[in-house]
Every structure is written in structure tokens, then in C-alpha cells.
Amino acid sequence: MTSTFRWYLLGLLALFGAYVALEYYRPKPVDWRPTLINKDKIPYGTYVLYDQLPRLLGTDSVQTTRLPIYNQLTGISLKVTDALAESQARTITTAGDSSHQTKAYVRDITDSTNQPAEKQPLPSAHPKSSGSSGPRLDDEYPAEPVVDTAAVASDSSTTSEDEYEENDEEGHDRTTEHLLSLRANYLFVNTTFEASATDAHALLRFIANGNDVFIVAENVGDSTSALLDTLGVRTRTVKLPTHVGPRGLPVPDSVTVRFNNPALACPRYRLPGGDANVRFVVDSGRVGRALATDAQGRPVFVRLDYGRGHVYLCSVPIAFTNQFVLRPASTQFAATALSYLPARPTWWDEYQKQGRLGDQSLLRLVSGHEALNTAWYLLIIGGILFVLVEARRRQRIIPTLKPLPNTTLLFTRTVASLYRQGSSHALIAEKKVGLFMDYLRTHFQETSPDFGDENFRERLSQKSGLARPRVDELLRLVNFARTAPQMNDQQLLQLSRALTDFKREAHR
């Protein structure tokens, strides 16, 4: 049985090893997720574009950033913004009913979590051509969202309000100085672009100072609508004609795009219609131009002038992925679009796709909030306690097994009663004599005693410590039991008592 079980076990282990080897060496399925991450070599990653970016931009200074827009542009660390958001949240909690403007400010400050904030009026620029000088940043592009300090600290004293205003002015000056010193390109390649009101303020100040921002996104979050309104541009999803696909489902027709520059108008690029159905609508009076359009003349790539800088908006991120950058028919679209950027240091944003640097845990949202983190640990502890307690309650009750009683004496009495009822006294006497012979052999080392031998009788008297007449009488009764054909009750009783007394009075 053991040998058979071993063979079964070896067979199972061999099957398991073969399955593991098959899964390990089997070709991995293609990952078609549109991640647009610069390290992904999947079809919809941007590894190829990011690898060729220094050559396309004519600069060796291409840096990946994993910071929110506000922190990247102002130089303020995440610890400061997180601490400010936490302190403001505690102030709101302790104060009870606070003003709507205070809540809006707190939501704007929490840009580290990239949550949509309350819409606030952004600074309206006076767009000019690229050759004209831009407006003063200190006058028209504030770095911080406008907040009613009286509503925030309505219960505070006049001294605390003055200190708050002084600290705010110092922070505003440091932020302005940092923004004025920046000269770089800011590049976003996402499926969805998000920018809170605080991010939008910093981004507009960055652009107005003479820098360029390149945003490639198919979808624009609700929090970014304020930024688009300030730039004077809107997005519109167009309905494309469809055809029957391989599985009988309607599939949008492909889209043909081309650049409007006469020198670049010859190549036409075909893109999948399902990933290229967003167009831009620029408000009248805005200074800018459509750089690329579809076959109907609807813009997919525009440039908007803002202050002394430019904003480039492209609605076809599919053209910047590995699959289309490596495809000969569409490889030049991304390179041509990026050629509009000047050759200077460039930031490639990965924060909106991967989050903060070093924070790749699936539970980063839970660990980032004290209440959720506490609830998570309570859930784990509760689950462990439930498993332990529930397992004990559902375990089958083990019955108490009583030890088996010693029935040797009862068995002996039962057998003796059977002999007695059958009047087999001679057989009982024979059994007793046999036990007496075994007693002499084990206790007195008399293996073959001769009851008629005087020397034996003398040795037995000395070994047992009994008088010689007692020994002679015992041996006489034993000889009688061995030779008598029949015995009555009185004779059997006399023999039994004599044997019992001998064993009790003997030295051993």
C-alpha cells in the first residue's frame, strides 16, 4: 500500500513539474492595454518614443518626472503639500461648518492625490503672437489659488491673520521666483489628462513665462475644463462611419490625418477610428493655429499661444505608441509633431500614469489615508479572528473514549463457575496443580520436582520458610489431586486453601 502511494505521489509531482515548465516556456499573450508608460514595450506603451526623444528634440536633457504638476513647477516638496492638505482638513473637521471657499482651497491643495477640485476662475491671458512680449507674471498669473482668507479664519484673531498673510506672501514670492527661473518643455502623453485648479494656475504661469507644454490625450478630465476654458479650446467627439467587423460587430472606419504645413502635407497617416475620434474646437479670437487635421479639416493637433509660451494639444495618443511609431506608414507623425518643440530640457510626465515615485502598491490609496488604513488592518484582524473562532465552532466534537475495563478476574470467575456447575472438580484440581508447579519453577527454581524425594521436601521447606510438616501435608494433598480419579467439593476446597496459604506464607 505504501509503495503504491509513493508511485501516485511521484506521478502527481511529475505532472505538476510538467505543467510549471509548460506555463513558463509558453509564449506570453500580447498585452493590448493602452498604458502609454515609457518603460512598457507592449504595443500601446511608449518605450520607443521615449528612447528616441533626445534625438527628436535635439537635446540630451530629457527627464522623467513622477511629481504632480504643481510640485514639479513650483519646487515645493510633496511633504509640504501633504502636510498643508492634512492641516487644512483637520481645521475643517474641528471648525464644523466652514465656508465653501475654504473647502475649495483644501480640495485644490490635495493635488498629490490628483483628485478633481472645485472649479475656480483661472487667470485670463492676453494672447499674443510668439514674437511679442508677454504680460507680467506677478500681475496676471498668480501661483496660488485665490482664497478668501476672512472666510477661512473668521474665528481667528487679527494677529493670526497678519501672520498668515505674511507667510502667504513669502511663499508666493518663492513660487514666482522658481517659476521665472524655469526654461523647459513639459510633455504629457496620456489617455486622460487631469489638472486641478492649483495645477492649472502653475501650468499657465509656466507657459506664460515663455515655456512650451505638449499635451497628448484622448480624454480630458472634468477637473481640466477650467484650464481649457482659459486657453479657449474645447474637445468634441465626432461620430465616424462604421463597417462590419470580423465578428459581425460595427467597427469605426479608420481616420486619415495630415499636417497643414505645405512642406509636411504630402504624407497622410491612417489611424484607427476608435482611438482617434476626438477633435478640438478653438474659440474665435484666440491666437493659435491647427497644425494637423483629419480629412474633413477638423483639428486633431493645435498650437495655442499663451503669454510668451505655447500649448500644443493633440487628441491622438495612439500615434505615439510603440505600434504606430514602429509602423512605417505612421512612424513620422510623432516625430513631426514633436519637432515643433524647441531644443531645450524636457520633462516627461509619468505621474498621471504611474503615480508617485516608489509608490506602486495596489493599496497606496488605502495607506495614504489614516481612516482607510485603520479600517484595512481591522478587516485583516477580524478575518483572522473569524477564521480561528469559526473553525473551532464548526469542528466535530471528539467523543471521550472510556478505557476498557480489566475483565480478567471476571473471566476467571466465569470459567470457574462453568467447571463448578459441571462438577468437574478433578479438572479444576489439575489446573491448580499445574499453576502450583509453575509457581515452584519461577519462584524456587525447581524445574522438575519429585514430591517423594526427601531432599526436595527439605529444600522446599528451607526455601519457603515453612515447617517441614506443613510442606509434607501440602505435597500429600497435591499428590492426591494428581492421582485421584474423582474429587468432591470438600477435597477441592481443602486443596485450594492449602495452596493459597502456602503462597501467602512463603518468603517469595
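The values are calculated or read from the model by the stated rules, or taken from the named source; none is laboratory data. Given the structure is predicted, the values throughout are model-derived calculations rather than measurements. Neighbour counts are summed over all protein chains in view; Cβ atoms, including those assigned to glycine, are modelled from backbone coordinates with ideal geometry.
Take the residues of the stretch 1-34 that are of a type in the set (Lys, Arg) and farther than 30 Å from Asn190 by Cα: which is surrounded by the fewest Cβ atoms within 10 Å (Cβ to Cβ)?
Step one: list which residues in the stretch 1-34 are of a type in the set (Lys, Arg), which gives 6, 26, 28, 33.
Those left that are additionally farther than 30 Å from Asn190 by Cα: 6, 26.
Details: Arg6: 10, Arg26: 8.
Across the stretch 1-34, the extreme among qualifying residues is Arg26.
In the stretch 460-486, which residue that is part of a helix (DSSP H, G or I) and small (Gly, Ala, Ser) is nearest to Ser424 (Cα to Cα)?
At the first step, the residues of the stretch 460-486 found to be part of a helix (DSSP H, G or I) are 460-464, 468-483.
When the remaining residues are screened for being small (Gly, Ala, Ser), the result is 461, 464, 481.
Details: Ser461: 31, Ser464: 31, Ala481: 13 Å.
Out of the qualifying residues, it is Ala481.
Need the failing condition index for Arg298 against (1) more than 24 Å from Ile207 (Cα to Cα); (2) surrounded by 20 or more Cβ atoms within 10 Å (Cβ to Cβ), just the number.
Arg298 satisfies every listed condition except (2).
Residue by residue through the stretch 318-349, note down the ones that are small (Gly, Ala, Ser) and touching a Gly at 6+ places or on another chain (Cβ under 7 Å). Show your work before the answer.
First, the residues of the stretch 318-349 that are small (Gly, Ala, Ser): 319, 329-330, 334-335, 337, 339, 343.
Matches in the stretch 318-349: Ala343 only.
Residue-by-condition table, conditions (1) under 27 Å from Arg344 (Cα atoms); (2) of a type in the set (Ser, Thr, Tyr); (3) buried (at least 23 other Cβ atoms within 10 Å of the Cβ); (4) outside the structural domain of Leu341 (by TED's automatic domain parsing):
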| site | (1), (2), (3), (4) |
| --- | --- |
| Thr191 | yes, yes, no, no |
| Ala200 | yes, no, yes, no |
| Phe206 | yes, no, yes, no |
| Ala217 | yes, no, yes, no |
| Pro241 | no, no, no, no |
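Say whether the condition of being in contact (Cβ under 8 Å) with a residue 24 or more places away in the chain, under 16 Å from Ile215 (Cβ atoms), in contact with a Cys (Cβ under 9 Å, 6 or more places away or on another chain) and in a helix (DSSP H, G or I) is met by at least one residue in the stretch 304-321.
yes
Looking at the stretch 379-438, which of the residues that are among the hydrophobic types (A, V, I, L, M, F, W, C) and in a loop (DSSP other than H, G, I, E, B) is modelled with the lowest pLDDT? If you could, list the steps in order and put the result at the bottom.
Kept after step one, since they are among the hydrophobic types (A, V, I, L, M, F, W, C), are these residues of the stretch 379-438: 379-381, 384-389, 391, 397-398, 401, 404, 409-411, 415-416, 418, 426-429, 433, 435-437.
So of that shortlist, the ones also in a loop (DSSP other than H, G, I, E, B) come out as 397-398, 401, 404.
On the way: Ile397: 73, Ile398: 78, Leu401: 86, Leu404: 86.
That would be Ile397.
Any chance the stretch 487-496 includes a residue that's exposed (fewer than 11 other Cβ atoms within 10 Å of the Cβ), part of a helix (DSSP H, G or I) and in contact (Cβ under 8 Å) with a residue 12 or more places away in the chain?
yes
Tell me, which residue of the stretch 2-44 that is without any contact (Cβ under 8 Å) to a residue 60 or more places away in the chain and among the aromatic types (Phe, Trp, Tyr) is nearest to Gln354 (Cα to Cα)?
Selected residue: Trp32.
Based on what the data block shows, is His369 touching an Asp or Glu at 6+ places or on another chain (Cβ under 8 Å), more than 20 Å from Lys503 (Cβ to Cβ), surrounded by 10 or more Cβ atoms within 10 Å (Cβ to Cβ) and not hydroxyl-bearing (Ser, Thr, Tyr)? Give the derivation first.
On the way: touching an Asp or Glu at 6+ places or on another chain (Cβ under 8 Å): no; more than 20 Å from Lys503 (Cβ to Cβ): yes; surrounded by 10 or more Cβ atoms within 10 Å (Cβ to Cβ): yes; not hydroxyl-bearing (Ser, Thr, Tyr): yes.
Taking the combined requirement at face value, the residue does not satisfy it.
Does the stretch 53-103 hold any residues that are in a helix (DSSP H, G or I), at pLDDT 85 or above and polar (S, T, N, Q), and which are they?
Asn71, Gln72, Thr74
Within the stretch 182-211, track down each residue that is in contact with a Gly (Cβ under 8 Å, 6 or more places away or on another chain) and farther than 18 Å from Asp229 by Cα.
Answer for the stretch 182-211, where residues must be in contact with a Gly (Cβ under 8 Å, 6 or more places away or on another chain) and farther than 18 Å from Asp229 by Cα: Arg183, Asn209, Gly210, Asn211.
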